[in-house]
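The values are calculated or read from the model by the stated rules, or taken from the named source; none is laboratory data. It should be emphasised that the depicted structure is a prediction, and the values quoted were computed from it without experimental measurement. We place every Cβ from the backbone using ideal geometry, glycine too, and count neighbours over all the protein chains shown. What goes into the accessible areas is simple: the full protein's heavy atoms, side chains included, and nothing from ligands, DNA or RNA. Shrake-Rupley method; radii C 1.70, N 1.55, O 1.52, S 1.80 Å.
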Amino acid sequence: MSRIGKNPIVVPAGVTVEVAEGIITVKGKKGQLTQEFSDVTVKVEGDQVLVERSSDHKDHRAKHGLYRSLVNNMIIGVSEGFTKELELVGVGYRASNQGQKLDLALGFSHNIVLEVAPEVVVETISEKGKNPIVKLTSFDKQLLGQIAAKIRGFRKPEPYKGKGVKFVGEVLRRKAGKSA
């Protein structure tokens, strides 16, 4: 039995969960999310959601915990939301935004302009003496992680000086430089 999959999901007040023909819909104050599912059954009982598998087949066991985690992330997303912060480490690295357009200066010949999805709220924080921070907030955890990974992919942190785009609180594996 999956240790994650067998745990019931508690639905907070103000969130509605509907299951119909292989599609689960979660509505809350922050938005609405839908997810298709297969090989498992999803039941809504009162203020709990239960995910059960039909057999001990390898695919069914694998998807049991997966779909429970996806539904849990959907419920947390529409009720509380998710936030990711990226830090730009490097001389001359800057970030600014106008609405959903994120403008990044990462040491290339031209600035990188990224049009962010409307479900994600973009905020840039630039304080003197500190590295610029890009703050992304959304109710969709998958989309948020995908956009954050794309921004990080423009200039990944290098192991010698640590320059690049990294998540706030991320520990980088550092290397020693040349020995004299």
>> Out of everything in region 14-53 that is assigned to a loop (DSSP other than H, G, I, E, B) and free of Cβ contacts under 8 Å to residues at least 24 places away in the same chain, what residue ends up being farthest from residue 143 (Cα to Cα)?
In response: 46
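For region 52-59, indicate whether the set of residues that are in contact with a strand residue (DSSP E or B) (Cβ under 6 Å, 6 or more places away or on another chain) and open to solvent by less than 40 Å² (accessible area, probe 1.4 Å) is non-empty.
Looking through region 52-59, none of the residues is in contact with a strand residue (DSSP E or B) (Cβ under 6 Å, 6 or more places away or on another chain) and open to solvent by less than 40 Å² (accessible area, probe 1.4 Å).
Among what's in region 109-122 and is among the aliphatic types (A, V, I, L, M) and surrounded by 12 or more Cβ atoms within 10 Å (Cβ to Cβ), pick the residue that is nearest to the chain's Cα centre (by Cα). Working first, answer last.
First pass over region 109-122, keeping only residues among the aliphatic types (A, V, I, L, M): 112-114, 116-117, 120-122.
Now drop any that are not surrounded by 12 or more Cβ atoms within 10 Å (Cβ to Cβ), which leaves 112, 114, 116-117, 120-122.
Working: 112: 21, 114: 17, 116: 14, 117: 13, 120: 10, 121: 13, 122: 13 Å.
In this case the residue turns out to be 120.
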>> Is it the case, given these coordinates, that residue 162 is open to solvent by less than 40 Å² (accessible area, probe 1.4 Å) and under 13 Å from residue 93 (Cβ atoms)?
In response: yes
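Only one residue in 117, 148 is in a loop (DSSP other than H, G, I, E, B), under 26 Å from residue 26 (Cα atoms) and among the small types (Gly, Ala, Ser), so which one is that?
Details: 148 fails: in a loop (DSSP other than H, G, I, E, B).
Sole residue among the options that is in a loop (DSSP other than H, G, I, E, B), under 26 Å from residue 26 (Cα atoms) and among the small types (Gly, Ala, Ser): 117.
In region 17-27, what residues are of a type outside the set (A, V, I, L, M), at negative phi and open to solvent by less than 70 Å² (accessible area, probe 1.4 Å)? Explain how you work it out, then say what you get.
Initial filter on region 17-27 (of a type outside the set (A, V, I, L, M)): 18, 21-22, 25, 27.
Next cut, at negative phi only: 18, 25, 27.
25 - this is the single residue of region 17-27 that is of a type outside the set (A, V, I, L, M), at negative phi and open to solvent by less than 70 Å² (accessible area, probe 1.4 Å).
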> When you scan region 76-108, how many residues do you find that are assigned to a helix (DSSP H, G or I) and either out of contact with any Gly (no Cβ under 9 Å at 6 or more places or on another chain) or surrounded by 20 or more Cβ atoms within 10 Å (Cβ to Cβ) (or both)?
Replying inline: 3
>> Cβ contacts < 7 Å: first residue without any contact (Cβ under 8 Å) to a residue 12 or more places away in the chain and loosely packed, with under 15 Cβ neighbours inside 10 Å, restricted to region 123-147; second residue of a type in the set (D, E, K, R) and outside any loop (DSSP other than H, G, I, E, B), any location; separation 6+ or different chain. Result?
In response: 125/135
>> Checking residue 46 against (1) open to solvent by 20 Å² or more (accessible area, probe 1.4 Å); (2) over 13 Å from residue 8 (Cβ atoms): exactly one of these is not met. Which one?
In response: (2)
> Filtering region 28-43 down to residues that are β-branched (Val, Ile, Thr) and more than 25 Å from residue 80 (Cα to Cα), which residue is most open to solvent (accessible area, probe 1.4 Å)?
Replying inline: 41
>> The conditions are (1) surrounded by 15 or more Cβ atoms within 10 Å (Cβ to Cβ); (2) not in a loop (DSSP other than H, G, I, E, B); (3) not aromatic (Phe, Trp, Tyr), and residue 153 fails exactly one of them. Which is it?
In response: (1)
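Within region 56-65, identify whether any single residue is in a strand (DSSP E or B) and touching an Asp or Glu at 6+ places or on another chain (Cβ under 9 Å), and answer yes or no. It would help to see each step written out before you state the result.
Step one: filter region 56-65 for residues in a strand (DSSP E or B), giving none.
Checked region 56-65: no residue is in a strand (DSSP E or B) and touching an Asp or Glu at 6+ places or on another chain (Cβ under 9 Å).
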>> I'm checking my understanding of the structure. Among residues of region 165-180 that are of a type in the set (Lys, Arg) and in a loop (DSSP other than H, G, I, E, B), which one is least open to solvent (accessible area, probe 1.4 Å)?
In response: 175
